[in-house]
Amino acid sequence: MRIINFSHGDFVVIGMYTAIVLYTQLGWDPLLSLLVALPLGFLLGVVLERLILSRLVDVPEGSTLLATLGLSLVVQNTLMLSFGASPRSLNVAYGSATVNLGPMTLSVIQLVAGGIVLVVIAGLYLFLNYTERGQAVRATSQNRLGAELVGINTRSVHSLVFGVGVALSVAAGIILIPQLFVTPVITGPVFTLKAFVVTVLGGLGNVWGAIGGGLLLGVVEVLGAAYISFDYRDAYGLVAFLLILLLRPEGLFGRTVKRV
Amino acid sequence: MRDVAHDGRDRSSEDYSSENSAGRTPADRGDPILQIDSVDLGYDELLVVSGVSLEVYGGELVGLVGGNGSGKSTILRAVSGMIQPRAGRILFGGRAVGKGSPHQMAEMGIAHVPMGRQLFPNMTVEQNLALGAYLPEPRKHRAGSLAHVYDLFPDLHGKRKVVAAALSGGQQQMIAIGRALMLRPKLLIMDEPSLGLAPRLVKEVMQAIRLVSQTGLPILLVEQNVKQVLQISDRTYVLENGKLVVEGPSKQLMGDEKIRRAYLGL
Ligand SMILES: Nc1ncnc2c1ncn2[C@@H]1O[C@H](COP(=O)(O)OP(=O)(O)O)[C@@H](O)[C@H]1O
Ligand SMILES: [Mg+2]
């Protein structure tokens, strides 16, 4: 573990193209695609972990970073060859539907996405804290040798974690595509960058920090877009990111993890 | 410095343990739980350990001492299947130790208190201990094992809701030992548990090890600290540059003038 995955956003993109293909070829609604893509995304993650990352345990941290960056390039260019460079999207009937809550107008898709995110967070929380396997994941991330010595097969934990990560990325892409445009090489890095900002803001390896970092990034971007200028939307988050890191290099909620 | 001519393969009459078998001799204890039989060990080109034989019998506390780089951890790596002997063999419970990952050692019933403790720093004392009983068999006995560990180390009970990182070095060592006991192992192996601890805490940890030994669990204790080990162990092996140079009942080694001068600085 302790892998910074620089192909994270490209799995979101894979999810987006999956939803587009299943919709145009088979007429599947993205929510139906989701059910199929979750297990397939998990399998993809497990296979990639076994093929690439499992060969890189006990090596300097930069190696996994380079490996996932390489993976990112492969995914991007494969998608480029298959789908071309022009932006695609997916028009579903409820794509622009909204509901009014008092003075607020909310997009149905964003409500659904938000609801799924809440379910996922609750699920991960329960899994990590209240199941044996979840405790094994936490143990492995805190001390791999210690985990091995109590009998945890940390290789299978690594595969599990990467599988879940890829499955969730793919799911995010499927849920969001009715609202966004996707291109093979640009969309992925934007998501990766945001994910990176969010995790670093929260303190690497800190789940609650990541949630707080995500909320903060979203609010900064939206406020900047509304009150300063819409054109620089992506920049506001990065500016805030730099400012915060200058003041708190360990992230907003980061603690320096002591080794014991 | 050689006090005993010993090549490990041929246990001759010069062997301390056979020469002066006072008190608890291995002979009347049946088969050893761990039997290291004249092994050569190394890495790539490098031969680190040669002709080492060592046994741990039921209920024994056996010390393996030697200076930094003498090959102690290499022997433990071979016991846990992380490296394979180039010559000789290692039997655990009468069966050869195969090649494998550390987690398979736990499945076989060998608990390891590793160098540097290797706790889960952001988990509570109790979560650390509970994870010691992660495997299906020990998990069935988790509650009982936990009570047993708290019995041995009452200090841990008072701190059970505190994260491991917040405890003192000595208490962290208790957690590491306690976590190993949760496995309900057949053999306990410790790699330099006193490393980096203040002298007062070293005494505390040695007492804890003695306490665990008195429950009947066989222990192989690896240390640089010869004096401390001789005081609590039943038998001790002394390793120098990958070869055994002295072995015997700890009481006898303590009383031996040559050994006191060479290894204890007395
Ligand atoms: N993984 C390794 N690869 C190569 N050489 C090693 C490795 N581990 C230990 N050694 C060498 O083996 C010798 C014995 O090391 P070790 O068994 O760790 O000694 P000890 O535990 O007694 O301090 C040392 O010279 C060390 O440099
Ligand atoms: Mg060592």
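The values are calculated or read from the model by the stated rules, or taken from the named source; none is laboratory data. These numbers were taken from a predicted model, which means no experiment stands behind them. Counting neighbours? That spans all protein chains shown, and the Cβs are built from the backbone with ideal geometry, glycine included.
Before moving on, here are some points about what is shown:
- Residues in the stretch B:71-81 that are more than 9 Å from ligand 1 (Cβ to nearest atom) and at negative phi: B:78, B:79, B:80.
- Of residues in the stretch B:108-127 being part of a helix (DSSP H, G or I) and over 18 Å from the mean Cα position of the chain (by Cα), the one nearest to ligand 2 (Cβ to nearest atom): B:125
- In the stretch B:128-136 there is no residue that is in contact with a strand residue (DSSP E or B) (Cβ under 7 Å, 6 or more places away or on another chain), modelled with pLDDT of 95 or more and either under 23 Å from residue B:165 (Cα atoms) or within 16 Å of ligand 2 (Cβ to nearest atom) (or both).
- In summary, helices (runs of 4 or more DSSP H) completely within the stretch A:164-260 and bearing 2 or more residues that are under 16 Å from the mean Cα position of the chain (by Cα) and either surrounded by fewer than 22 Cβ atoms within 10 Å (Cβ to Cβ) or at pLDDT 90 or above (or both) occur at A:187-202, A:207-227.
- Flag set for residue B:126, criterion: in contact (Cβ under 8 Å) with a residue 24 or more places away in the chain and surrounded by 17 or more Cβ atoms within 10 Å (Cβ to Cβ).
- One residue from A:146, A:151 being in a loop (DSSP other than H, G, I, E, B) and either within 14 Å of another protein chain (Cβ to nearest Cβ) or surrounded by 16 or more Cβ atoms within 10 Å (Cβ to Cβ) (or both): A:151
- Within the stretch B:58-70, tally of residues that are buried (at least 23 other Cβ atoms within 10 Å of the Cβ) and within 15 Å of ligand 1 (Cβ to nearest atom): 4
- Whenever a residue of the stretch B:66-83 is more than 8 Å from ligand 2 (Cβ to nearest atom), its partners that are among the basic types (Lys, Arg), lying with C-beta atoms within less than 9 angstrom and at least six residues away or across chains, give the pairs B:66/B:72; B:70/B:243; B:71/B:243; B:81/B:99; B:82/B:99; B:83/B:77; B:83/B:99.
- Test: residue in the stretch B:86-105 that is within 13 Å of ligand 1 (Cβ to nearest atom) and modelled with pLDDT under 95: no
- Whichever residue in the stretch B:232-254 is assigned to a helix (DSSP H, G or I) and either within 15 Å of ligand 1 (Cβ to nearest atom) or among the polar types (S, T, N, Q) (or both) and, among such residues, is nearest to residue B:66 (Cα to Cα): B:250
- Test: residue in the stretch B:142-163 that is assigned to a strand (DSSP E or B), under 19 Å from residue B:126 (Cα atoms) and within 12 Å of another protein chain (Cβ to nearest Cβ): yes
- Considering (1) within 28 Å of residue B:91 (Cα to Cα); (2) more than 14 Å from chain A (Cβ to nearest Cβ); (3) assigned to a helix (DSSP H, G or I), the lone condition that residue B:194 does not fulfil carries the number (3).
- For the stretch A:120-141, residues that are within 14 Å of chain B (Cβ to nearest Cβ) and free of Cβ contacts under 8 Å to residues at least 24 places away in the same chain total 9.
- The residue list B:229, B:202, B:212, B:222 contains one member that is within 16 Å of ligand 1 (Cβ to nearest atom), in a helix (DSSP H, G or I) and among the β-branched types (Val, Ile, Thr), which is B:229.
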